[in-house]
Amino acid sequence: MVAHFERAWLLFRQGRLEQAEKEIAQGFAQDPGSPLGHAVLAWCLAARQQYEEATREAQEAVGQGPDVPFAHATLARVWFLRRHLDKAETSAAEAIALDPLQPDHVVLQGQIRFARQQWQAAKEAADRALALDPEHVDALNLRAEALRKLGQATSAEDQLIAALAVDPDDAGTHASLGWVYLEQGDRAKAMQHFREALRLDAELESARAGAVETLKAFNPVYRGFLKYIFWMQRLGTQGQWAVILGAWFGYMIVRRVAEANPTAAKWLWPLIAGYLVFVLVTWLAQPLANLALRLHPFGRLALSRDERIGSNWVGGCLLVAIVAAVGYGLRPESIAQDVAIVFGLMLLPLGATFQAAVPWPRKPMIIYTAVVALAGLCSIVVGALPRLALETLPLPLVLLVALAHLLSLLFPWGAVLSLFAGNILMSIRWKQ
């Protein structure tokens, strides 16, 4: 019966989930309470993103085998995938306590700490795992990623080259090395390793995303934006918020000084304009670069469905804003000015919506953007009202007009605050 579960684990490691589950079913026919069987089944279910079922199976494995380290490690992995990091770390610590000489458990603990943006703690966990097994590829990769986040890209490169010497066909190592070279500005080497990673594992998301970012980095403007993103990632969540809020309050102070002091205003307004341009670039660089990448033969294929949708929305909105602006220049008496302003400002919530790479913040951000879009539509309607005879409208329509006017006043604030809403949603650790 144990042989069935061991074969199932081997089949799972090979990505053959259906065959692994058949082996598990045969093993359960002889031993339905096997902690190993429930643990391997939990891994299979997690691979299918059936996280609640995977959690129940992992908990059953722990219940059936409270002294089995693999059961606790499995539960830790499932909690980790669901982003319940406190529970994941507790289970990982239990697995280490039961088997302190197993490097896999220590690496898992380090990966959890990496997800918490505890770069130094992740590196220390990787060091402990490597002390147990100097050629542990996952530990080498974890240490390299931690070093990269700590700003030690050269050391990370050396670590990943050492990992490739151990296993030259590890797709994750090639992808990690690609990100190191991309951060260093060596786009040719970065693309080489991303392509190799995709050859080894066509479904590896980090390699696909890295290849897309490398193609976009050939644009000098986007290259500067990418350097900013790498720098912000190293700061962690608290550091990122310090930069965002510090820049915002600095902008508000400088603007008030410029408004109150005409002499200094001529020097301050360019600074203010530069900040606003920087904010726009920060939120629109990715979808606009994705839109440009649609013209690239490889980039068009590398973009994900979500990236294509985001570039369509942002590109379409930008096109309407430009056409409306031209229309206003030709006919100033039309509502084209209102249309240009509304669609121009709508780029902010759209950029914030598709900036959120994690799927969990997407739904509330879509709702927020839809509400802002409704307010923008009301703003366009209110702009056309002087051309309408309000006294001829029935009372219900007059009330609707009043509501539309209120929403139109809120629209600019909603568009601007979408930047903060997007940052807040992305900074939350969303759980599955």
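The values are calculated or read from the model by the stated rules, or taken from the named source; none is laboratory data. Note that the coordinates shown come from a computational prediction; the quantities given were computed from them, not determined experimentally. All Cβ positions, glycine included, derive from the backbone under ideal geometry; neighbour counts span all protein chains shown.
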Legend entry - Selected residue [within 19 Å of Leu75 (Cβ to Cβ), free of Cβ contacts under 8 Å to residues at least 24 places away in the same chain and not assigned by TED's automatic domain parsing to the domain that holds Arg234] from Ala115, Ala125, Ala131: Ala125
Legend entry - Answer residue from the range 352-366, given it is under 13 Å from Ala421 (Cα atoms) and out of contact with any Gly (no Cβ under 9 Å at 6 or more places or on another chain) and is modelled with the lowest pLDDT among those: Arg362
Legend entry - Gly15 vs. criteria of a type in the set (Gly, Ala, Ser), outside any helix (DSSP H, G or I) and under 29 Å from Glu145 (Cα atoms): yes
Inset, instruction - Within the range 169-214, track down each residue that is surrounded by 20 or more Cβ atoms within 10 Å (Cβ to Cβ), within 21 Å of Gly151 (Cβ to Cβ) and small (Gly, Ala, Ser). - result: Ala175, Ser176, Gly178, Ala190, Gly210
Legend entry - Count of residues meeting criterion [in a helix (DSSP H, G or I) and either over 18 Å from Glu135 (Cβ atoms) or among the charged types (D, E, K, R) (or both)] in the range 156-173: 2
Legend entry - Selection count where residues are assigned to a helix (DSSP H, G or I) and at positive phi, scope the range 65-86: 0
Inset, instruction - Could you grab me the full set of residues in the range 298-339 that are under 22 Å from Phe354 (Cα atoms), hydroxyl-bearing (Ser, Thr, Tyr) and not in a loop (DSSP other than H, G, I, E, B)? - result: Ser311
Inset, instruction - Could you pull out the residue among Gly178, Gly151 that is outside any helix (DSSP H, G or I) and within 22 Å of Leu235 (Cα to Cα)? - result: Gly151
Inset, instruction - Being among the small types (Gly, Ala, Ser) and part of a helix (DSSP H, G or I) is the filter; apply it to the range 181-206 and report the residue that is nearest to Leu142 (Cα to Cα). - result: Ser206
Legend entry - Verdict on Arg294 being more than 30 Å from Leu409 (Cβ to Cβ), touching a residue at least 12 places away in the same chain (Cβ under 8 Å) and not assigned by TED's automatic domain parsing to the domain that holds Ile424: yes
Legend entry - Filter result for Leu319 (within 27 Å of Glu213 (Cα to Cα), assigned by TED's automatic domain parsing to the domain that holds Cys378 and at pLDDT 80 or above): no
